[in-house]
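**Q** Take a look at this one; I'll ask things after.
The values are calculated or read from the model by the stated rules, or taken from the named source; none is laboratory data. Note that the structure is predicted; figures quoted are calculated from it, not measured. Don't worry about glycine lacking a Cβ; one is built from the backbone with ideal geometry, like all the others, and counts go over all protein chains shown. Areas reflect the complete protein model, heavy atoms only, side chains present, ligands, DNA and RNA absent. Shrake-Rupley method; radii C 1.70, N 1.55, O 1.52, S 1.80 Å.
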Amino acid sequence: GKIFGLEDWRKTSFVTSVCFPGIAFGVFFILNAMVWGEASSGAVPFGTLVALLVLWFGMNVPLVYIGAYISSKRPALELPMKVKVHPREIPEQVWYAQAPFLALLGGILPFAACFIEIFFIMSSVWMHQFYYMF
């Protein structure tokens, strides 16, 4: 936090140890409650959720605060280089390193994988056959 000019290590520790995992746990709990509502055997038991909370608040939060406290007592790290006053000129990119081509390539590969998988699933449904994933 000191490198970025943040001096309040308590607030940073709180956000690190509580807010982000709390959002993830909250989403998981809501989804698990929906599974519970359907009386599914795939729901995570309540005791396991309590055990996760105990581990989270009993281990994760104290360790983050201890690390932040120790780090706050040390001097800020010195960066190995200084920022230059004059910006460096960025060379022109080749055609295959530009954003439209990379976006197209990055979208086609997962689309193709999903399309092939859905094609086999729907083919087996339409032909009244079983589809085995594994």
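**Q** Note down the nm distance, to one decimal, between modelled labels 7 Å out along Cα→Cβ at Val125 and at His86.
**A** 6.4 nm
**Q** Taking Rh as the Kirkwood radius computed over C-alpha pairs, what is the Stokes-Einstein D of region 1-57 at 4 °C in a medium of viscosity 1.567 mPa s, expressed in µm² per second?
**A** 97 µm²/s
**Q** Charges at C-beta only: +1 for Lys and Arg, -1 for Asp and Glu. How large is the resulting dipole of region 61-134 about its Cα centre, in Debye rounded to 20?
**A** Here region 61-134 has a charge dipole of around 500 debye.
**Q** Which helices pass in the chain if a helix is a full DSSP H run, must span at least 24 angstrom along its long axis by Cα, and must have mean Kyte-Doolittle hydropathy not below -1.0?
**A** Membrane-span-like by this criterion, though nothing is claimed about a membrane: 20-37, 99-126.
**Q** Give me the number: length gained by fully extending Ala33 to Leu49, i.e. 0.36 nm times residue separation minus the C-alpha to C-alpha distance, one decimal in nm.
**A** That works out to 4.6 nm of additional length.
**Q** Here's a follow-up. Just to confirm, what accessible area per residue do you get for region 17-60 at 1.4 Å probe, in whole Å²?
**A** Each residue of region 17-60 exposes 68 Å² on average to a 1.4 Å probe.
**Q** Counting only protein heavy atoms and a 1.4 Å probe, tell me what percentage of the chain's accessible area is made up of carbon and sulfur.
**A** For the chain, the apolar C and S fraction of the accessible surface comes to 74 percent.
**Q** A further question follows. When a/c reaches 1.5 or more, the comparison of a/b and b/c decides; with that in mind, is region 70-111 rounded, prolate or oblate per its Cα gyration tensor?
**A** Working: a/c = 6.99, a/b = 1.79, b/c = 3.92.
Oblate, since a/c reaches 1.5 and b/c is not below a/b.
**Q** Also, I was wondering about something else. Just to be sure I understand, if you calculate Cα extents along the principal axes in Å for this structure, which of (1) 45, 28, 21; (2) 68, 55, 21; (3) 50, 46, 22 do you get?
**A** (2)
**Q** Suppose R0 equals 30 Å. What FRET efficiency, 1/(1 + (r/R0)^6) with r the Cβ-Cβ distance, do Ser40 and Tyr132 give to the nearest 0.05?
**A** Numbers: r = 22 Å, r/R0 = 0.73.
Calculated value: 0.85.
**Q** Once the whole set of protein chains is in place, how much accessible area is left on Phe120, using a 1.4 Å probe, in Å² to the nearest 10?
**A** Roll a 1.4 Å probe over it and Phe120 shows about 110 Å².
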